[in-house]
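Here the structure is laid out as structure tokens; the discussion comes afterwards.
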Amino acid sequence: MEDRIEYLLRQYEKNNCSREELEELFSYIDRLRNNDQPLKKMVKHIYEDIKKNHPSFIYVDEDGKLVLTEPEDTHFITEKNTIAKGARGKLLVVVIISCFTGLVFLGWLIKTNFSTDTFLKKQVGEVLIKKFSNRAEQTLVSLSDSSMVWLNSASSLQYSDHFSKDKTEEVMLSGEGLFKISDTRSGAFLIRSDNTVVTALPGSKFDLKNYPEERTIVLAVAEGLIKISRFEKLLPTVSAGQMLIINKSDGQITQGGADIEMIAAWQQGKMFYKEQRLIDIIRDMERVYNIGITLTRHELENKIITATFKRDIGPRAALETICKVIGSQLDEDGRRFLIL
């Protein structure tokens with residue numbers, strides 16, 4: 001168990017905790033509240049070990065006081081008003097639980113205003129609602145502030161059950177979503193996806209695509225002005241009629257124009273692929289039609305093509321269109337298609 005607790009603390013330090021891991025960590029905190037002496041001894045051992053090797057941490061001392069030693073990272077931000085002024089940098093917050101007091105660091109965390117931990121606060125104090133869109137379907141999510149989110153196939157959206165238009169709110173996206181932000185909002189609207197954060201102004205309309213299995217993140221803006229950051233590094237602002245593509249592996253950024261009519265064309269039943277890798281198009285079609293597609297020639301995977309057709313023509317006709325573009329043949333075996 002000692003190794004597990006240390007692992008959870010390390011994961012939290014790196015902002016890598018999954019929701020399940022956060023819940024597990026909080027269960028240990030609850031046990032400390034209930035004066036679990038064996039657990040306190042265990043945490044004391046972990047605390048002393050980490051403190052020896054990492055002195056520049058926020059921790060709780062033996063008197064129950066919050067101690068902040070001088071960090072080596074000059075980008076470390078500790079003041080709420082510094083964040084409000086727009087300072088950027090990596091936020092490293094590591095909270096160690098003191099075995100002497102049983103003080104729960106979570107209470108302190110909620111009272112602070114570190115932007116990287118905002119969604120953590122939602123998980124602790126409020127119930128998260130999760131909406132899904134399965135393969136071969138699309139789902140419309142209406143938020144209580146009148147914002148609308150259309151989820152593309154095989155996507156999900158998480159948000160608080162106390163969603164408000166008057167304060168900063170966040171949602172978590174996996175997959176692809178077309179966002180129409182309410183123009184009556186007075187608080188900021190943030191979308192987290194992987195290690196990427198999108199900040200949208202009221203009245204904005206944009207498409208964000210970030211499937212875990214794909215190598216790029218694509219942001220295309222139809223209306224408004226969008227700020228985007230990745231690993232807490234601010235990227236170029238994206239305005240209406242522009243798109244930004246992030247390569248996940250090397251961080252390379254490509255920014256250019258976008259056809260506003262084609263942004264989120266999928267929501268209108270159109271399949272539009274402009275200068276995309278064939279393998280990415282194949283994966284998208286697998287989600288849209290809930291089928292399996294095999295490329296028998298691997299050299300075709302990185303072939304760049306442009307194609308457009310209506311979704312309702314069906315998977316076979318759609319794949320035949322693709323095959324004409326790349327000069328290949330199509331074979332079918334049940335729900336499995338082969339591109340020869």
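The values are calculated or read from the model by the stated rules, or taken from the named source; none is laboratory data. Keep in mind that what you see is a predicted model, and the values were worked out from it rather than measured. We place every Cβ from the backbone using ideal geometry, glycine too, and count neighbours over all the protein chains shown.
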Verdict on GLY256 being in the same structural domain as VAL149 (by TED's automatic domain parsing), buried (at least 19 other Cβ atoms within 10 Å of the Cβ) and out of contact with any strand residue (DSSP E or B) (no Cβ under 6 Å at 6 or more places or on another chain): no
Note on GLY241: of the conditions (1) surrounded by fewer than 16 Cβ atoms within 10 Å (Cβ to Cβ); (2) in contact (Cβ under 8 Å) with a residue 24 or more places away in the chain; (3) on the phi > 0 side of the Ramachandran plot, unmet is (2)
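Matching residues to (1) in a strand (DSSP E or B); (2) under 20 Å from the mean Cα position of the chain (by Cα); (3) under 30 Å from CYS323 (Cβ atoms); (4) not assigned by TED's automatic domain parsing to the domain that holds VAL149:
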residue	(1), (2), (3), (4)
ARG192	yes, yes, no, no
LEU219	yes, yes, no, no
PRO236	no, yes, no, no
SER249	no, yes, yes, no
